[in-house]
Amino acid sequence: MSFKNILYLCGKIVIIMALNLRRNFKTYYSIREVAEMFDLNESTLRYWEQEFSFLRPKTSGTAKIRQYQEKDIEQIKLIHNLVKVRGFKISAARDILQKNRKGAETTAKALSELIEMRTELEKLRDHLDML
């Protein structure tokens, strides 16, 4: 969610929130682009591919160039949340995803939304401080 407008009605502040419907419709992402999205090294992504059997980006050509799709990026979000954000070891993250994948997905999504909301609230606070 993102704050679109702040309106003053009857002396009160009304915050209008709307879903961010802007989506990037790119079909494939390079390993460099995905690594930058998560502030990771490319070697970390390659390592995660070895450790997590479900993370298998498409490869093309004889050079086996990785082509990540949105579904791959969603998998990386889960792994990133468990390993980098929450501090689990690789083996623990793998066990969690095998035993309770739905719970891990729900937690990762909730955490992502909370971080986004905090960022938006900080922006709103800064804007209100300027008034």
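The values are calculated or read from the model by the stated rules, or taken from the named source; none is laboratory data. Since the structure is predicted, the reported quantities are computational estimates derived from the model, not experimental observations. Here Cβ is always computed from backbone atoms with ideal geometry, including for glycine, and neighbour counts include all displayed protein chains. Side chains included, ligands, DNA and RNA excluded: accessible areas come from the protein's heavy atoms. Shrake-Rupley method; radii C 1.70, N 1.55, O 1.52, S 1.80 Å.
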Rounded to a whole %, the carbon-and-sulfur portion of the accessible area of the stretch 68-131 at a 1.4 Å probe is 55
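In square angstrom, what is the accessible area per residue of the stretch 90-130 with a 1.4 angstrom probe? Walk me through the numbers before you get to the answer.
Numbers: 3060 Å² over 41 residues.
On a per-residue basis, the stretch 90-130 sits at 75 Å².
If N is the number of residues in the stretch 32-131, what value comes out of its Cα radius of gyration divided by 2.2 N^0.38 Å?
Numbers: Rg = 16.5 Å, N = 100, 2.2 N^0.38 = 12.7 Å.
Its radius of gyration relative to the 2.2 N^0.38 Å reference: 1.30.
Convex hull volume of the Cα atoms in the stretch 62-107, per residue, in Å³? Walk me through the numbers before you get to the answer.
Numbers: hull volume 4.4 nm³, N = 46.
Spread over its residues, the Cα hull of the stretch 62-107 gives 96 Å³ apiece.
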Rounded to two decimals, what is Rg over Rh for the stretch 77-131 when you use alpha-carbon atoms and the Kirkwood radius?
1.22
Size of electric dipole in the stretch 18-131: Cβ of Lys, Arg +1 and of Asp, Glu -1, about Cα centre, debye, nearest 20:
520
Top to bottom by accessible area (1.4 Å), largest first, where do ILE76, ILE31, ILE115 land?
ILE115, ILE31, ILE76
